[in-house]
Each structure stands twice: as structure tokens, then as C-alpha cells.
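Structure, as C-alpha cells:
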Amino acid sequence: MKKKNKLILMAILWLVVVAALYSQGMITTDINKINEIIGKNPFKMRVLFVFLSTVRVLFFIPQTIFIIIGSMLFGPYVGFALSILSLAISQSIMYTIGRYFHNQLLGEEFLVKNSDTISIIKKYGYKMLALGIACPVTPSDLITLSAACIKLNYKKCLAIILMADAPMIFLYGFLGTGIQGNFFFKILVIGAITFISYYTFVIWNKVNSNSEGEEKHSSLA
């Protein structure tokens, strides 16, 4: 697909999202109005949330934003369930694109630009898929695309993605609720997120550095 066609497709998708928001009266800064809409039709709002949280992958919007919004609107537990559902759908879309349509939608440039990530996942398999998904710093959508490009099993990929991302979704969800004034619990959640982010990032960087070193060594040999 040409770059111009991709931009046109992105514009159309944005218009669809805006139309959906406008039809539900969500294009407003009035919080009371939004809460009123949610109270009148909670099921419709949950469906709309899942839809927006799913299509965000087409606009490169981080899921964390929707996790926090979902917990603010629906509470930590319902927000968690909705975020998990949208994660399963969105990553299935990414897998399908990477597995069957990467040449048409992404082009050969994608494989060249992300050759390091693809080679790491190809070498370490599902372990690096789980690590890449769990690490908030690494783009999970890109990790899923890379796993699909090397034809990892869809069911295993989806199961690992959900298990790896569920703890972070749960933690971010409680941040979105404001923890009901419990400052100590909020500090614990922030500490847990910081620790997981740092630990997974260090491991990912270490593996990435080792992989690059091995490639240079093999090229010199």
C-alpha cells in the first residue's frame, strides 16, 4: 500500500472514531454530561470503550491511556475486564496484519527497520514476547507484529500477551481510580509499576545488546 493510501485510510478511520464519539455525545469537556451518559446506558458505553480501546492500535495510541480512562469510568475491576478484552482484540488485529498483510500494509521497510526486534524474538521465542509485552517501555503492538511476522503460534502468542500484560493493566487500573484517597496504597502501586518497568527494561536492553554483539562478531568472523 502506498504512503498516500495509508494516510487516506488513517483519515477515514479517524472520522469513524469522531463520528462514533459525536453520536454518543462524548465530544464534550463537561464531565457531568459524560457521567450522565454512562449512567443512562452503561452497556453502550462499555461497548464504545472497548471499540475505542481496540482501534487505538491503528493510531499508535498507547493502551495505558485507555486503561486509566476505563478504570476512572467503570471502576478498577470492570475497567480491568474491558481492557483485557480490548487487548485481546487489538493484539489479534496486530497479529493478523503481521502474519498475513505485513507486505501490503507495512511494506518491506517495516522488516528492515525492526530487524533487531524480529531477530531477538526469533531467537528467544515466546520468552522475549512475554518480556516485551510486560515491559511498558517497549511498544507491545510492535512486539506482536514482529512475533506474527516470524509466524509464532497465534493461540500461544495471545495467551502469553494476556498473561504478561494483565498485572500491569491491573496496577494501572487502580491508579486511574485515584485509590479512593489511600495514599500509601497509591505509593505501593507506583513503586510496583516502576520496579517492573525498570527490571523488564534492563533485561530487554541486555538481551538486545548481547544480540547486537553476536551479530557483529559473526560478521567479523
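Taking (1) touching a residue at least 40 places away in the same chain (Cβ under 8 Å); (2) part of a helix (DSSP H, G or I) in turn, Leu142 satisfies each apart from (1).
Number of residues in region 120-139 that are touching a residue at least 60 places away in the same chain (Cβ under 8 Å) and open to solvent by less than 50 Å² (accessible area, probe 1.4 Å): the value is 7. Counted as qualifying within region 1-80 are the helices (runs of 4 or more DSSP H) with 3 or more residues that are modelled with pLDDT of 80 or more and either open to solvent by 40 Å² or more (accessible area, probe 1.4 Å) or in contact with a Ser or Thr (Cβ under 9 Å, 6 or more places away or on another chain) (or both), namely 42-55, 63-74. Of all residues in region 147-156, those being open to solvent by 50 Å² or more (accessible area, probe 1.4 Å) and either closer than 22 Å to Ile61 by Cα or not in a helix (DSSP H, G or I) (or both) number 2. Right, Tyr172: among the hydroxyl-bearing types (Ser, Thr, Tyr), modelled with pLDDT of 85 or more, in a helix (DSSP H, G or I) and closer than 23 Å to Ser53 by Cβ or not? In short, no.
Taken over region 175-221, the residue count meeting the criterion of being among the hydrophobic types (A, V, I, L, M, F, W, C), more than 23 Å from Gly125 (Cα to Cα) and modelled with pLDDT of 65 or more is 11. Only one entry in Thr144, Thr117 is buried (at least 21 other Cβ atoms within 10 Å of the Cβ), modelled with pLDDT of 85 or more and in contact with a helix residue (DSSP H, G or I) (Cβ under 8 Å, 6 or more places away or on another chain), namely Thr144.
The values are calculated or read from the model by the stated rules, or taken from the named source; none is laboratory data. None of these values were measured; they are calculated from a predicted model. Glycine gets a Cβ as well: all are built from the backbone with ideal geometry, and neighbour counts include every protein chain shown. To get the accessible areas, we keep the full protein, side chains included, count just its heavy atoms, and leave off ligands, DNA and RNA. Shrake-Rupley method; radii C 1.70, N 1.55, O 1.52, S 1.80 Å.
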